[in-house]
Every structure is written in structure tokens, then in C-alpha cells.
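Okay, structure first, notes after.
The values are calculated or read from the model by the stated rules, or taken from the named source; none is laboratory data. Just so we're clear, the structure is a prediction, and the values are computed from it rather than from any experiment. When we count neighbours, we look across all protein chains shown, and the Cβ atoms used for this are built from the backbone with ideal geometry, even at glycine. Heavy atoms of the whole protein, side chains included, go into the accessibility calculation; ligands, DNA and RNA do not. Shrake-Rupley method; radii C 1.70, N 1.55, O 1.52, S 1.80 Å.
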Amino acid sequence: MRIMRVLVLVLGAVCLSLVGAALSGTDARAQGDVVELHKVKGEQGELIVAVSANGITFIDPKEKKVFRAFKSKRKSMKGYKPDWVIIRDVDGDGTSDIIGAGAPAFIVTGGAAPIYSIPKGCGQFHLANFAGDKTQEILCRDGARFRLYNYDGQGPLWDYKITGLRLGVCNFGDLDGDLKADMECEVLGKGTYMQRSIEGEELGQRDSPQLDPPEDDTPGYATLMANYLKGQEAFDLDGDGSREESVLLDGKAIVVRSRASPKALARHEVGKAFSVLVDDIDGDNKVEIVVGGAGKVFILSDEGKTLLEIKTDPKGLKRRADVKVARINANGLADSSDTAVTAVIDKSKKKLSACYAGNVKKNAFTRVGNIVYALNVGAEGKVKKVEKLHSALDDKKVEGCLIKALKGAKFSKATGPGATVTLTLEFGFIDE
């Protein structure tokens, strides 16, 4: 029986003494503690997201290994405690996006594809429908400076400073009924609250706030996780149709118990446990137990047997570029077979990979996806022209480097005045 239940311990939302440990800003090891576990669905299928103070790590549950990771540090202005990680459909495409509100601040899809990042982060980070459309925009505030971006980084839509006032925490909501979020900021030293539209138009002042602080994206999960790790939540782990098993933290071990038996069904030493997820994570119709520990994730079977231990701390992972030939089609060559044409591209594969790998090394949020090129091949098999038909990378430097590499390819002779090769390259990266 498949259990579709995700249990999350929200970072900073509960005293971690409930689960046997506390995060320390000076303890390098503690920064990698997996304090949240989420199951998300995106273009890559279902992935597990492990959250620590060092960032987020995506785990491929079918491959049972890390897929991608993104380093980030918590950052917020005094008096403001935003969600560390927000899971929400930002662009309205029906799938979850992952938002990191730290430094850098970023948005990646549920399939771990980067959309946008703000390298230095924001003192106050907020997502809302500021434009009155179907998507949400990013508000990035640092002191008295306010910037608004589209979810995919276009902009800033506006960028200005409020001068002459010392502002405290700002909250956001629709103040004037136009279905667009406005701002309300505390004016320090005056005990009043300034109200403005997102375009900066003054809407008035109040002696008391009209807007409430933003709600937690995961209300009640902290309490649920505490109950869960005390064995107070029951599940059908053995597939018999009865919810009578529990998974709890006992000292430094995860223990599987059943109400039908006084004896523990299984016990696994994990050292420290901060978060747990119970689900069929790999689609094999068997429930697994995923435990977030100190810099790693344990995957246990429904009986509590250790299946795998995965290191998840983003600081300890290394990245490699992954470039593949997704599709190739040739016409008008002496040998237009897939085998012959692919062999030519394979000779240029090292140069093609280097064009992308250099950017991946410099920018952790380098975009992934396909680029489609049309190559015009002359009578002697040399590439005369390379035309970009489509690019998901949106990076002129990488695209220019790729064109240069492709111009060096040598195919079989053209049978007429010219031949064409249409090539789709797939770009991505993997953290290991």
C-alpha cells in the first residue's frame, strides 16, 4: 500500500532539542544537518529535497544518489524571519518550484533546473502577486532599497530607495483592492506604518498595522514532526491495510514498532536524526523510510533495513558538466547515417563540454536544457555556417563557444551544392 505522506521539520520553526540536537552557527558539521525533507515532482519525475543550513540537495530516489545541489546561506534582516526554503508553484505551470530565501536567493524548478538567482541574497525576501497576473514576483529588499523581479529574473521591474525614513520590517498584501500586493512598513522612531503601492505610490499612514506578517508556508509541520519522531504517528508500513506501525527516534536510533507487537520490528543507528519522510519514493510499490541526519540521508526499507546512505551536504559535493547529443539529423551528405554523423560530433564532444563546463564552474545556477543548431556543410564536408534555432541556456558566451567548436567539425562530402545537419545538444550538470 503506497503511503503519500511528507513530514517536514521546518528550519528554525521548532526547537531542535525535540529531536536530540541543536544547530550551531559555528559548528561546521551542524551546517550540513538535514533538517527538512520534501518530495517534489518536476520535469525529472519525483525527487527528494534535503534542506540544510548549507543549502538544498536533490536526491534521485530511483537512482538513489544525489542529482544536484545548491549552496546557500540564511540571510535576513533583524526582526524578520522568512521561511528558509519555500516550495510553491511560482510560474503557474502546475509543478512545484523551490525557492531559497538566503544568500544567494534563488528559484529552481522541482526538477532541479535553475531559473534565477540573486547572488548576494536579500535582507527581506518575499514572493507575491505584485503585478496582478497569474505568476508571482520576487521582492528583494535591502534596507531602504526595494527591487522587484519576475520569477525568471527579468527586471528589475522597478528599483528604488525610500529616503528620509528609517524603516523596520515591511509586510505585503492587497491594501487598495486592485488584486496586487502592496507594502506596509513600520517607520522606526515614529510608531507609524507607511503604506505604498508596489510602484511607490503613497496609500497613507496608520498608527497600527493593517497587514499581518507572512504565514509559514508549512503550518503545523514542526509539531507533526515532533510527534512523528516520538512515535505518535501511525502508518501502514507492511502493506497489510492497517495503519499500526510507527517510526520514532530513540536516542541515536530510528526504531520501527508495531502496535500489534511489544517488540521493536527494527532498529537502525543513525547517530542524529532531524527529519523523516515515509513514502514509496522510487515507485516500486514498497514504502521506504528516509531519515535526514548529520550531513547525510539514510534510506531504509519498510522493515527498517538500511538500503543506502547518501552524503548530502552541498559543501562536500563536486560538480561535473553533463553534455549529451539528444538528437541529430543529416541530409545531403555522402554518408548521412546516424552512426557516421554522431561519430563526427563525438570528436568535438570534449570542446563542446568545455564550453559549458567553464560556465558551470563559475555560476552555480547555470541554466540547463537543450540548444538546437543547424549546420550548413559544404562540398568538402567542412561546416560553412552554424545557426542557432533554439536555446534554453540563454547564455551568449556559451552559445558562441559552441558555434566555434561546431565549425571545426568535418563531415563526409556533400552530394550537392550543400548539406544540412540539425543537432540538438542537451546540457546539464550533476553533483556527486
Q | Tabulated pairs, region 395-414, first within 10 Å of Ser348 (Cα to Cα), second surrounded by 15 or more Cβ atoms within 10 Å (Cβ to Cβ) and among the small types (Gly, Ala, Ser), C-beta under 6 angstrom, 6+ apart or interchain | A | Ala405/Ser348; Ala409/Ser348; Lys410/Gly381
Q. Does Asn376 fit the bill of being within 30 Å of Pro314 (Cα to Cα), of a type in the set (S, T, N, Q), open to solvent by 40 Å² or more (accessible area, probe 1.4 Å) and outside any helix (DSSP H, G or I)?
A. no
Q. Just for strands (runs of 3 or more DSSP E) wholly inside region 1-78: which have at least 1 residues that are open to solvent by 80 Å² or more (accessible area, probe 1.4 Å) and modelled with pLDDT under 90?
A. 36-42
Q: Taking Val169 as the residue in question, decide whether it is assigned to a loop (DSSP other than H, G, I, E, B) and in contact with a Phe, Trp or Tyr (Cβ under 6 Å, 6 or more places away or on another chain).
A: no
Q.
So Ala112 passes all but one of these: (1) closer than 19 Å to Phe146 by Cβ; (2) surrounded by 21 or more Cβ atoms within 10 Å (Cβ to Cβ). Which condition number does it fail?
A. (1)
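Residue by residue, here is whether (1) among the small types (Gly, Ala, Ser); (2) in contact with an Asp or Glu (Cβ under 9 Å, 6 or more places away or on another chain); (3) surrounded by fewer than 19 Cβ atoms within 10 Å (Cβ to Cβ) holds:
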residue	(1), (2), (3)
Ala343	yes, no, yes
His390	no, no, yes
Gly416	yes, no, yes
Thr422	no, no, yes
Glu426	no, yes, yes
Phe429	no, yes, no
Q.
Quick check on region 298-310. Is at least one of its residues more than 20 Å from Tyr228 (Cα to Cα) and small (Gly, Ala, Ser)?
A. no
Q: State whether one or more residues within region 321-338 are loosely packed, with under 14 Cβ neighbours inside 10 Å, small (Gly, Ala, Ser) and assigned to a helix (DSSP H, G or I).
A: no
Q: Would you point out the residue of region 302-320, among those that are within 16 Å of Ile56 (Cα to Cα) and part of a loop (DSSP other than H, G, I, E, B), that is least open to solvent (accessible area, probe 1.4 Å)?
A: Thr312
Q | strands (runs of 3 or more DSSP E) lying entirely in region 173-261 (those with 2 or more residues that are over 23 Å from Lys161 (Cβ atoms)) | A | 245-250, 253-258
Q: Could you please find all residues in region 158-192 being charged (D, E, K, R) and either free of Cβ contacts under 8 Å to residues at least 40 places away in the same chain or open to solvent by 60 Å² or more (accessible area, probe 1.4 Å) (or both)?
A: Asp159, Lys161, Arg166, Asp174, Asp176, Asp178, Asp182, Glu184, Glu186, Lys190
(Q) Just to be sure I understand, how many residues within region 268-301 are over 20 Å from Asp236 (Cβ atoms) and either assigned to a strand (DSSP E or B) or open to solvent by less than 30 Å² (accessible area, probe 1.4 Å) (or both)? (A) 12
